[in-house]
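First up is the structure itself, then whatever we jot down about it.
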Amino acid sequence: MVPDKGLRRDAQANLSKLHSAALRVFAERGLGAPLEDIAREAGVSIGTLYNRVGSREALIDAVVPAVAGEKLKALTAHTLSQGSPRARLQTFVSGMIDLQLSDPALNDAMLRRFPNATTLIDACERSTALGGRLVEEAHAAGVLSTSFTADDLMAMLWMAGTSSRDEAAPPGWRRVVDRGLTAAWTTSID
């Protein structure tokens, strides 16, 4: 967070507390967590939150993209370090699902629950584009059925993200998603 030199010291402190509280609450409960809880966690009123930040989407864009961006960059680097198109796509899918499971805020971002948080959506779009390139690369290598598309990949990640946040989801959802990708490979690994 870059300090706003035009703010009084106490206002800057409140803004800093709001950003820290938002990171904690969003990470624990997702981007839909009540703003009142963030204000309470920061020790400020809800009016101060709206006065200093403006909206939920502005708060999301102020605090989440840097954290989400770092996680997505790390996943990208790990994915691209794999030796084959199949390993890269498999690493990407597994890594995205693991991120969705471990980070409710990133999961909400990937599911586009707050489309007006444009900075965050832009970070997620880069990952979506990488997934599409990985599918094309696997097609070109002949290891992935051409009937499995980038849209299929995004649908798998959508199902994983939705299931991971739904307490009523059947416990076998991850196996079903994994089997969907396994069935799309044109060759088996011994």
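Residues that are among the small types (Gly, Ala, Ser), touching a strand residue (DSSP E or B) at 6+ places or on another chain (Cβ under 9 Å) and part of a helix (DSSP H, G or I) within the stretch 118-158 comprise just one, Ala138. If the condition is being open to solvent by 40 Å² or more (accessible area, probe 1.4 Å) and touching a residue at least 60 places away in the same chain (Cβ under 8 Å), then the stretch 57-85 contributes Glu57, Ala62. Total residues in the stretch 31-56 satisfying the condition of being in contact with a helix residue (DSSP H, G or I) (Cβ under 7 Å, 6 or more places away or on another chain), without any contact (Cβ under 8 Å) to a residue 24 or more places away in the chain and not in a loop (DSSP other than H, G, I, E, B): the figure is 6.
When the stretch 106-118 is limited to residues that are of a type in the set (S, T, N, Q) and open to solvent by 70 Å² or more (accessible area, probe 1.4 Å), the one that is farthest from the chain's Cα centre (by Cα) turns out to be Asn116. Do we find a residue being open to solvent by 50 Å² or more (accessible area, probe 1.4 Å), of a type in the set (S, T, N, Q) and touching a residue at least 60 places away in the same chain (Cβ under 8 Å) anywhere in the stretch 88-98? Checking the stretch 88-98: at least one residue is open to solvent by 50 Å² or more (accessible area, probe 1.4 Å), of a type in the set (S, T, N, Q) and touching a residue at least 60 places away in the same chain (Cβ under 8 Å).
Scanning the stretch 22-41 for residues that are within 17 Å of Val67 (Cβ to Cβ) and of a type in the set (A, V, I, L, M, F, W, C) yields Ala22, Leu23, Val25, Phe26, Ala27, Leu31, Ala33, Ile38. Each residue in the stretch 159-190 was checked for being in contact (Cβ under 8 Å) with a residue 60 or more places away in the chain, outside any helix (DSSP H, G or I) and open to solvent by less than 50 Å² (accessible area, probe 1.4 Å), and 1 pass.
Of all residues in the stretch 119-155, those satisfying the criterion of being among the β-branched types (Val, Ile, Thr) and open to solvent by 50 Å² or more (accessible area, probe 1.4 Å) are Thr119, Thr146, Thr149. Are any of the residues in the stretch 63-73 modelled with pLDDT of 85 or more, in contact with a helix residue (DSSP H, G or I) (Cβ under 9 Å, 6 or more places away or on another chain) and not in a helix (DSSP H, G or I)? Checked the stretch 63-73: no residue is modelled with pLDDT of 85 or more, in contact with a helix residue (DSSP H, G or I) (Cβ under 9 Å, 6 or more places away or on another chain) and not in a helix (DSSP H, G or I). Checked against the criteria, Ala123 counts as modelled with pLDDT under 90 and on the phi < 0 side of the Ramachandran plot. Given the conditions (1) assigned to a helix (DSSP H, G or I); (2) within 30 Å of Leu181 (Cα to Cα), and given that Gly83 satisfies all but one, which numbered condition is not satisfied? Condition (1) is where Gly83 drops out.
The values are calculated or read from the model by the stated rules, or taken from the named source; none is laboratory data. Since this is a predicted model, take the numbers as computed values, not measurements. Cβ sites come from the backbone with ideal geometry, for glycine too, and all protein chains shown count toward neighbours. Just the protein is used for accessible areas: all its heavy atoms, side chains included, with ligands, DNA and RNA removed. Shrake-Rupley method; radii C 1.70, N 1.55, O 1.52, S 1.80 Å.
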